[in-house]
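Worksheet: the structure to be examined is printed underneath.
Derivation of every value follows stated rules applied to the coordinates shown; laboratory data play no part. This structure is a prediction, so every number in the text was calculated from the model and none was measured. Cβ coordinates were reconstructed from backbone atoms using ideal geometry, including for glycine residues, and neighbour counts include every protein chain displayed.
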Amino acid sequence: MVRSPTSRQLTGIRAAVFALCLIPLGNLLFDAVSDSLGANPIEAVTRALGDWALRLLLVTLAVTPVRRLTGLGWLARLRRMLGLFAFFYAVLHLLAYVVLDQFFAWDFILKDILKRPFITVGFLAFILLVPLAVTSTNAMMRRLGRNWSRLHRLIYLIAPLAVLHFWWMVKADVREPALYAAVLAVLLGVRLLWWARARGLGVAHAGPVAKRA
Amino acid sequence: MWIKPPADIPPSEITPAEIYRGRRRFMVTAGALALASGLGQARAGTLLSSLRNPTYSVDEELTSRKDVTGYNNFYEFGTEKDDPARNAHTLRTRPWTLRVDGLVRRPGTWDIDRLLRLAPMEERIYRLRCVEGWSMVIPWQGYPLDVLIRAVEPLGSARYVAFTTLADAAQMPGVTRRVLDWPYREGLRLDEARHPLTLLTFGLYGELLPNQNGAPVRVVVPWKYGFKSAKSLVRISFTEREPPTSWGRAAPREYGFYSNVNPGVDHPRWSQARERRIGEFFKRPTLMFNGYAEQVAALYSGMDLRRFY
């Protein structure tokens, strides 16, 4: 049996994860200062921030399955921070688009959101993330009670929208979005399987059924 | 003492010094090139001198050579913008031949050295507008494609010109993945191909084309989105029917045969109204036919450019 970290150790782990999550931003700032973002720096910044928003969204979604498979219950205590970092990079991604790419050309931005499906779904994913970030505090969790977890199930909609946002943007080479889609499929698939098992549904549940029989 | 020039020579007859020097430079370079190619050493970086053609050059700030040669779409070498610069060194541009066939009186195979000597090199400073929404200004070296077209004498039945890019997985790592329908194919209507702006291109920034920019020979069609300007050509074919194109096959709704730069006709997934000039912060408005409307609009008179996008 793996021992859970003490609260002091957990503080250290949290600090390390926090620092780790800031590395992509640090990298971007370093590249910007050293002029190594390439010929199209605005595109490079926007894409990198979007990449990290999506990656951290998937990491957040991975916490529960990993926790259940490994029995490392304390991992759940990193989930909020990871989720908030996903939101942090999503905010920066949106800001890069609004400020650097469009420079507040609101008419163009509005048209993009309404007319370009890949931007529509990306924007929708962002909008849906906002209430999750706002209700991430302990006080909010207490206030919302059971509704908190209901609300936070929105993540199961947000993550597919985010992958779709990437997929629809790509011209021909869908390798990268396909990889994210595959990871997401596993993360959601595991949950579906567990959910089905808990209700005694499906065919892939040798365990409980065998016992009952 | 001031010697008055004879009045019977109009100033327009006197060769300007720049052109005169340009001619000399061209002859010197032609000699150097002949020498270089004779030794089989003409490769990217070899000087390729030319005379600027001001009629077909824009007076805008050039995109840096670093960006022109480091930020490319050339999927045969990978789909990331820096892949071609990283991977294209494996392309062998010598020996190289270009097959010209189809509906012509004089089909045949052209060696790259023969092509290089077919006509004097001109420098053309063109805008390049990528369908993705970015643009550059590039000094190309080449001569009008029409020079070659005249040499092969198209038949009256020829209405289109089809271009084929090399597709050799041994030299082009991107070809092993079927991102597009290889070999890369593009096409123009014959009158578009014969337009004086359509350049058979061998160099940029005064040197033979770097591999990642489509060495050793490509076409540049400045009023169309960049993907219409096929690179590393191995075949030019004259046809009666509109030839299929690689991007047209990949996504017919997104990449039409004409693909003229048109700020009024959006790509189904993004706006084409503005573009980011590489090196600039603010987007600029995209110009009709990429700013070449005066020269090319007549090619499309009476055509619905929304339908023929």
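Okay, here's what the table says:
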read-out	value
Principal axes of the protein assembly as shown: Cα extent on each, largest first, Å	106, 64, 51
Top positive-direction residue, dipole computed over the protein assembly as shown with Cβ charges, set B:THR63, B:PHE202, B:LEU116	B:THR63
Evaluated over segment A:61-103, the Cα radius of gyration and Dmax, each in Å	15.3, 48
Cα convex hull volume per residue for chain A (Å³)	178 Å³
Rounded to whole Hz, the Karplus (6.51, -1.76, 1.60) HN-Hα couplings of segment B:211-225, x for glycine and proline	3, 5, 9, x, 4, x, 8, 9, 10, 10, 10, x, 8, 10, 4
Antiparallel DSSP beta bridges within chain B, as percent of all bridges there, nearest 5	85 percent
Pairs from B:LYS66/B:LYS231; B:LYS231/B:LYS283; B:LYS81/B:LYS231; A:LYS171/B:LYS224 whose Cα-Cα separation, in the structure shown, is over 24 Å	B:LYS231/B:LYS283
Between segment A:1-78 and segment B:42-116, the alpha-carbon center distance in angstrom	43 Å
Radius, Kirkwood style, for segment A:1-112 when every pair of distinct Cα atoms is counted (Å)	15.9 Å
Point-charge dipole on Cβ atoms (K/R +1, D/E -1) for segment A:7-212, about Cα centre, debye to 20	1680 debye
B:GLU294 paired with B:ARG150, simple spin-label distance in nm, labels 7 Å along Cα-to-beta-carbon	2.4 nm
Calculated [θ] (222 nm, deg cm²/dmol) that DSSP helices of n ≥ 4 give over chain B, each run adding -39,500 (n - 2.57)	-5000 deg cm²/dmol
Partners for A:LYS111 among aspartates and glutamates (Cα-Cα distance below 13 Å; same-chain residues under 8 apart left out)	B:ASP266
Euclidean distance between Cα centres, segment A:108-162 to segment B:158-207, Å	45 Å
Whole-Hz ³J(HN,Hα) from phi, Karplus 6.51 cos²θ - 1.76 cosθ + 1.60, for segment A:131-148, glycine and proline x	x, 5, 5, 5, 9, 8, 7, 4, 4, 5, 4, 5, 5, 7, x, 5, 5, 4
Calculated log₁₀ intensity ratio I(q)/I(0) where the Debye formula runs over C-alpha points of segment B:81-183, q = 0.23 Å⁻¹	-1.30
Cβ-placed point charges (K, R +1; D, E -1), dipole of the protein assembly as shown about Cα centre in debye, nearest 20	2920 debye
Assigned charges on the beta-carbon of Lys, Arg, Asp, Glu; segment B:145-203 dipole about Cα centre (debye)	140 debye
Value of Rg to Rh for segment B:15-257 (Rh from inverse mean 1/r over Cα pairs, i.e. Kirkwood)	0.94
Residue (of B:PRO216, B:PHE74, B:CYS130) at the positive-pole extreme of segment B:15-257, dipole from beta-carbon charges	B:PRO216
Cα lying deepest toward the dipole's positive end in chain A, options A:ASN40, A:ILE119, A:LEU75, charges on Cβ	A:LEU75
Principal-axis tilt of helix A:155-169 within chain A, Cα atoms, nearest 10 degrees	40 degrees
